[in-house]
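K.L.:
Starting off with a structure, shown below.
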Amino acid sequence: MERRNGTQISEFLLLGLSQALELQPLIFRLFLSMYLITVLGNLLIILAVSSDSHLHTPMYFFLSNLSLVDICFTSTTVPKMLVNIQTHSKVITYEGCITQMYFSILFAVLDNFILTVMAYDRFVAICHPLHYMVIMNSWLCGLLVLLSWIMSAMVSLLHSLMVLRLSFCSDLEIPHFFCELNQVVQLACSDNFLNIIMYFSAGLLVGGPLAGIIYSYSKIIASICVIPSSQGKYKAFSTCASHLSVVSLFYGTSLGVYLSSAATHNAHSSATASVMYTVVTPMLNPFIYSLRNNDIKRALQRFLGR
């Protein structure tokens with residue numbers, strides 16, 4: 001294969017989910033619908049939390065931040081895909097690809113950190129209820145979100161800079177609907193050392209927060225088990241049931257994508273599977289929180305009633 005220096009590449013080709021022309025209108029309508037539902041659902045969560053003083057608590061503060069991240073995460077990938085389908089073009093510029101990859105990593109990692117912070121919030125609420133408002137004060141909540149943004153931006157910048165150092169072969173077709181880090185790295189002809197570093201850091205970024213979430217929930221379960229009444233146990237568990245559902249959905253689909261990709265080495269099946277954590281999960285999060293949470297339902301009713 002002909003080798004090219006990364007700085008001389010002008011564009012990549014995004015092959016999308018399917019190259020069958022008859023399926024493009026269906027894919028366009030499906031993804032446009034999911035994108036609009038995602039933006040509207042998460043925006044309603046943000047507006048409901050901000051407009052209701054009863055929801056100005058740490059848990060709902062983190063939830064509104066998660067909804068904002070989900071809107072941004074989906075907006076990084078889906079609009080470009082819709083434009084490509086509508087214009088019958090697969091081209092994305094080199095700069096556009098790196099930019100899209102930077103923001104997709106940023107918001108994926110940020111999702112990771114926000115879910116971990118939310119697990120810590122539930123841990124404090126259930127294991128240390130008398131000190132909850134003292135520990136989870138507004139200063140700490142703001143600091144946790146700010147640190148999550150800073151660390152996510154640094155991680156994303158580091159990965160993007162490493163990709164900029166890669167040299168690419170003549171085959172610049174990405175069998176995906178956006179510039180996913182894994183797919184872009186596989187096109188590189190340069191030394192695999194940078195690839196190993198990126199995969200190792202990605203493992204740490206997923207493993208570290210996931211370990212924190214598992215530890216928090218092990219303590220939560222232990223605390224719930226010692227509650228004498230079944231009603232008390234149900235009430236304690238119901239406060240973190242929605243978060244646990246979202247965590248299971250996010251990590252289950254994310255790990256499923258990379259495990260299936262490693263097992264089958266089929267890029268198109270990986271692209272199809274990645275729709276779950278890039279599009280479907282952000283779309284379902286508002287439904288999970290609104291359907292299982294009476295406070296959110298009441299806030300939405302009051303907001304929509306205006």
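The values are calculated or read from the model by the stated rules, or taken from the named source; none is laboratory data. If you're wondering where the values come from, they're calculated on a predicted model, not measured in any experiment. Don't worry about glycine lacking a Cβ; one is built from the backbone with ideal geometry, like all the others, and counts go over all protein chains shown. All accessible areas refer to the heavy atoms of the entire protein, side chains included, with ligands and DNA or RNA removed. Shrake-Rupley method; radii C 1.70, N 1.55, O 1.52, S 1.80 Å.
K.L.:
How do the pairs read when you match residues in region 80-104 that are more than 12 Å from PHE178 (Cβ to Cβ) and aromatic (Phe, Trp, Tyr) with residues anywhere that are part of a loop (DSSP other than H, G, I, E, B) and open to solvent by 50 Å² or more (accessible area, probe 1.4 Å), using Cβ under 6 Å and keeping only pairs 6 or more apart or on different chains?
P.N.:
TYR94/SER10
K.L.:
Let me ask something else about it. Given the conditions (1) over 21 Å from VAL78 (Cα atoms); (2) at pLDDT below 75, and given that SER248 satisfies all but one, which numbered condition is not satisfied?
P.N.:
For SER248, the failing item is (2).
K.L.:
Among the residues of region 164-183, is there at least one that is over 22 Å from the mean Cα position of the chain (by Cα), modelled with pLDDT of 80 or more and part of a helix (DSSP H, G or I)?
P.N.:
Yes; the residues of region 164-183 include at least one that is over 22 Å from the mean Cα position of the chain (by Cα), modelled with pLDDT of 80 or more and part of a helix (DSSP H, G or I).
K.L.:
If a residue must be surrounded by 14 or more Cβ atoms within 10 Å (Cβ to Cβ) and closer than 19 Å to VAL69 by Cβ, how many such residues does region 228-251 contain?
P.N.:
Number satisfying all stated conditions: 9.
Every residue, every condition in (1) buried (at least 20 other Cβ atoms within 10 Å of the Cβ); (2) among the β-branched types (Val, Ile, Thr); (3) farther than 14 Å from MET101 by Cα; (4) in contact (Cβ under 8 Å) with a residue 60 or more places away in the chain, yes or no:
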position: LEU130; (1), (2), (3), (4): no, no, yes, no
position: TRP139; (1), (2), (3), (4): no, no, yes, no
position: SER152; (1), (2), (3), (4): yes, no, no, no
position: SER156; (1), (2), (3), (4): yes, no, no, no
position: MET162; (1), (2), (3), (4): no, no, no, no
position: SER167; (1), (2), (3), (4): no, no, yes, yes
position: ASP171; (1), (2), (3), (4): no, no, yes, yes
position: PHE177; (1), (2), (3), (4): yes, no, no, yes
position: GLU180; (1), (2), (3), (4): yes, no, no, yes
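K.L.:
Does any residue in region 219-233 that is under 11 Å from ILE126 (Cβ atoms) come within less than 6 Å, Cβ to Cβ, of a residue that is not hydrophobic (A, V, I, L, M, F, W, C) six or more places away or on a different chain, and which pairs are these?
P.N.:
Pairs that qualify, where the first residue is under 11 Å from ILE126 (Cβ atoms) and the partner is not hydrophobic (A, V, I, L, M, F, W, C), are ILE224/LYS233; ILE227/LYS233.
K.L.:
A further question follows. Sort out which residues of region 274-294 are open to solvent by 30 Å² or more (accessible area, probe 1.4 Å) and among the polar types (S, T, N, Q), and write them in order of number.
P.N.:
ASN294
K.L.:
Can you find a residue in region 76-97 that is open to solvent by 30 Å² or more (accessible area, probe 1.4 Å), within 24 Å of ASN112 (Cα to Cα), modelled with pLDDT of 85 or more and of a type outside the set (Lys, Arg)?
P.N.:
yes
K.L.:
Can I ask one more? Out of the residues in region 74-129 that are charged (D, E, K, R) and part of a helix (DSSP H, G or I), which is nearest to the chain's Cα centre (by Cα)?
P.N.:
Only one residue tops the list, namely ASP111.
K.L.:
Which one is farthest from ASN84 (Cα to Cα), of the residues in region 20-69 that are touching a Gly at 6+ places or on another chain (Cβ under 9 Å) and not small (Gly, Ala, Ser)?
P.N.:
Ranking the qualifying residues of region 20-69, first place goes to PHE61.
K.L.:
Going through region 28-38 one residue at a time, which ones are surrounded by fewer than 20 Cβ atoms within 10 Å (Cβ to Cβ) and not basic (Lys, Arg)?
P.N.:
Scanning region 28-38 gives PHE28, LEU30, LEU32, SER33, MET34, LEU36, ILE37.
K.L.:
Any residue in region 18-37 that's within 17 Å of THR272 (Cβ to Cβ): show its pairings with residues that are open to solvent by 70 Å² or more (accessible area, probe 1.4 Å) at Cβ separation under 7 Å, as long as the two are six or more apart or on different chains.
P.N.:
From region 18-37, the pairs are PHE28/GLN86.
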